[in-house]
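Read the structure below first, then the notes.
The values are calculated or read from the model by the stated rules, or taken from the named source; none is laboratory data. The structure displayed is predicted, hence computed values, not measured ones. Positions of Cβ are backbone-derived with ideal geometry, glycine not excepted, and every protein chain shown enters the neighbour counts.
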């Protein structure tokens, strides 16, 4: 399978997973037909060629920034080292690991984090939590409000993030 086909399939799966998760988690819908998502906000098919995806991984800029009726963002990220502890009050994160591996911790208690935005805290220390070894092909869903942290990144890791509001 070519890199272009593989990238397109992975991105499609990530967007689909995010959209399905968003549809299932939406409890404020008044649609008389449960399980049927409103097509009004999702009338545009989004496509990103492999060059665009490569640029997203290189820059960390979103492929799809949300807004315009979308309740999700799609971002390609690359890490070359550990990160800070993060807690999102409104976003559920869905990661799909494309390449590399890392030790990733979820849960536990954040101490000393600082609000960097109205709905996000970063930094401080994480006590407890569950460590997992993430590697190519893994998917992890981190519900809003759950602290998470890339504890160890021996080389590098590339992953898609779908942030669902």
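Considering every residue within region 66-76, establish whether at least one is out of contact with any strand residue (DSSP E or B) (no Cβ under 7 Å at 6 or more places or on another chain), under 26 Å from residue 126 (Cα atoms), at pLDDT 95 or above and not in a helix (DSSP H, G or I).
No; the residues of region 66-76 include none that is out of contact with any strand residue (DSSP E or B) (no Cβ under 7 Å at 6 or more places or on another chain), under 26 Å from residue 126 (Cα atoms), at pLDDT 95 or above and not in a helix (DSSP H, G or I).
Answer with yes or no whether residue 87 is part of a strand (DSSP E or B), under 23 Å from residue 142 (Cα atoms) and either in contact with a strand residue (DSSP E or B) (Cβ under 6 Å, 6 or more places away or on another chain) or modelled with pLDDT under 95 (or both).
Yes.
For residues that are more than 15 Å from the chain's Cα centre (by Cα) and not in a strand (DSSP E or B), tally how many sit in region 90-112.
Going through region 90-112 one residue at a time, the tally reaches 3.
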